[in-house]
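Computed from the coordinates by the stated procedures, all read-outs in this text should not be read as laboratory data. As the structure is a prediction and not an experimental result, all values here were calculated from the model. Using ideal geometry, Cβ is built from the backbone for each residue, glycine included, and neighbour counts are taken over all protein chains shown.
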Amino acid sequence: MWSNSKILIVRVAVAAFCFVATSPGVAVADDLPVTAKHAKICAGAEARYQKLFPDAAKEDDVVIVKLYKYTFCPRNVTVRPGTTVRWINVDKRTSHSVWLKQAGEAESERFFPDEQWEFRFISPGKYPYLCGPHWDQEDMRGFVEVRE
Ligand SMILES: [Cu+2]
């Protein structure tokens with residue numbers, strides 16, 4: 001019993017040390033967990049997107065992220081430098097925003113169903129982002145990694 005508790009404490013301490021040691025200044029997040037619930041919502045988001053934009057042509061250097069039911073779909077994307085990420089609201093009523101807060105960007109305008117907002121990523125790095133009105137209560141967060 002005692003030894004198990006001690007092992008746990010050591011593990012937490014090591015994890016905390018690694019976190020601090022690898023994060024000078026601002027802590028940089030990693031991929032977000034994707035649950036079965038996210039996967040189900042994102043399947044619905046894809047269906048909505050196909051219905052709303054049946055003629056959408058695939059564009060070079062553009063990656064689409066759908067916003068649906070308080071979820072960014074997909075939650076995590078990895079893109080090359082120079083890629084534009086286009087966030088499209090495929091919800092039925094709710095407006096959302098995209099806020100690359102950690103990168104020091106201003107929050108986007110709220111955008112409504114069928115509307116979109118985009119951002120071109122130039123520099124390699126990790127870019128966690130939020131939906132301004134829904135990140136806290138609904139955990140509406142996303143993550144972009146930019147790398148060669
Ligand atoms: Cu939102």
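Numbers at a glance
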{"quantity": "Filtered residues of the stretch 68-85 (kept if within 12 Å of the ligand (Cβ to nearest atom), surrounded by fewer than 22 Cβ atoms within 10 Å (Cβ to Cβ) and touching a residue at least 40 places away in the same chain (Cβ under 8 Å))", "calculated": "Tyr70"}
{"quantity": "Residue in the stretch 122-145 that is part of a strand (DSSP E or B) and more than 19 Å from Pro33 (Cα to Cα) present", "calculated": "no"}
{"quantity": "Hits in the stretch 116-132 - residues which are near the ligand (Cβ under 9 Å from one of its atoms) and free of Cβ contacts under 8 Å to residues at least 60 places away in the same chain", "calculated": "Leu130, Gly132"}
{"quantity": "Yes/no for Val65 being more than 16 Å from the ligand (Cβ to nearest atom), in contact with a strand residue (DSSP E or B) (Cβ under 8 Å, 6 or more places away or on another chain) and hydrophobic (A, V, I, L, M, F, W, C)", "calculated": "no"}
{"quantity": "Residues located in the stretch 34-62, provided they are within 16 Å of the ligand (Cβ to nearest atom) and exposed (fewer than 13 other Cβ atoms within 10 Å of the Cβ)", "calculated": "Lys37"}
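Rundown of residues vs (1) more than 20 Å from Val62 (Cβ to Cβ); (2) within 13 Å of the ligand (Cβ to nearest atom), yes/no style:
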position	(1), (2)
Trp87	no, yes
Asp114	no, no
His134	yes, yes
Glu138	yes, yes
